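Since every read-out is calculated from the coordinates, none of them should be taken as a lab result. Because the structure is predicted, anything quoted here is derived from the model rather than measured. Reconstructed Cβ throughout: ideal geometry from the backbone, glycine too, with neighbour counts over all protein chains shown.
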């Protein structure tokens, strides 16, 4: 008997291959971190991030380049959100990225409580260009913290017959890691966001002295997330450690870099070193100073 999938199994595999292709095309760093995940979890995280990337592209340029105005972008987002929720309910979508996400959502217990805030934040990008504290926090929750929670659902529930709620400490760590990722990217993309998209997520144009406080907040979130990583299932810890350490390195570079320079990056050789360190089982690097602290190996 042939092991080649047919029917829905073939469609599921094709959808997940499409999601993997989206991730490979848009983020070499994320694709590298995904390879550190166990096979149980890896396709689900790719499926989640592929949907996130497609939604991002609706509001971050390509849709506008195609001629869509803000109202049209919101309409596309509404249609995508409705398709996602319908696919979670039915188990099928004609959109391969949505179908892949729905496969993971149904297995791992990702529902409207996480999907709706995400799309709400995406719509915010079409409605406002500046943020106060309340709108900033709501945006970060929907655009980043819930993505961390979606991934946590996969970490905890992939392969289970019935999803369970993650531990509260893990949930807090997932939210704070997502927030740190987002705010690092706000700082890295600050000039481009303002010049190309007309957005100011951190209100640093009016108060540039607040930049250090943002970096302090990032480091506090990274430290809290690092404390939760040892509680993750073993087949997830290496990948999350590698991602954590990459953003900890970005935070260190942001702390010692002026706002006038090029976009802060981590060289490829250092990315590989951080991934190798995570693969070897070292604990996440500390974020309480400009240099990484010596860490112990964890199982």
TODO: Starting from the Cα of residue 134, step 7 Å along the direction of its Cβ; do the same at residue 234; then give the gap between the two resulting points in nm.
DONE: 4.8 nm
- [ ] Once you have the Cα-Cα distance between residue 40 and residue 258, take 0.36 nm times their residue separation minus that, and quote the gain in nm to one decimal.
- [x] 74.3 nm
Open item on the list: For the pair residue 227/residue 167, report the inter-label distance in nm, with labels modelled 7 Å from Cα in the Cβ direction.
Closed with: 1.3 nm
TODO: Percent of Cα-Cα pairs per 5 Å bin, from 0 to the last occupied bin, for segment 140-299, please list those.
DONE: 2, 9, 17, 20, 19, 15, 9, 6, 2, 0, 0
Open item on the list: Using alpha carbons only, how many angstrom separate the centre of segment 70-84 from the centre of segment 168-221?
Closed with: 26 Å
Task: Rh by Kirkwood over Cα pairs, then Stokes-Einstein D for the chain at 1.567 mPa s and 4 °C, µm²/s - done: 65 µm²/s
Open item on the list: Just to compare against my own numbers: the Cα pair-distance distribution for segment 28-80, 10 Å bins, whole % per bin, please.
Closed with: 23, 39, 23, 15, 1
Task: Residues 277, 46 arranged by fewest to most Cβ contacts within 10 Å - done: 277, 46
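For segment 200-257, what does the equivalent ellipsoid look like in terms of its semi-axes, each the square root of 5 times an eigenvalue of the Cα gyration tensor, given largest first in whole Å? List each step's numbers first, then the result.
Numbers: eigenvalues 155, 24, 16 Å².
In descending order, the three semi-axes are 28, 11, 9 Å.
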Open item on the list: Full-extension gain between residue 79 and residue 217, please, as 0.36 nm times their residue separation minus the C-alpha to C-alpha distance.
Closed with: 46.2 nm
Open item on the list: Largest first, please: the extent of the C-alpha atoms of segment 48-135 along each principal axis, to the nearest Å.
Closed with: 37, 32, 18
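Using just the alpha carbons, could you tell me how many Å³ per residue the convex hull of segment 129-206 encloses? Let's see the in-between values first.
Numbers: hull volume 8.0 nm³, N = 78.
In segment 129-206, the Cα convex hull volume per residue is 102 Å³.
Quick check: from the Cα gyration tensor, does segment 1-104 come out rounded (a/c under 1.5), prolate or oblate?
Oblate is the answer for segment 1-104, as a/c is 1.5 or above yet b/c matches or exceeds a/b.
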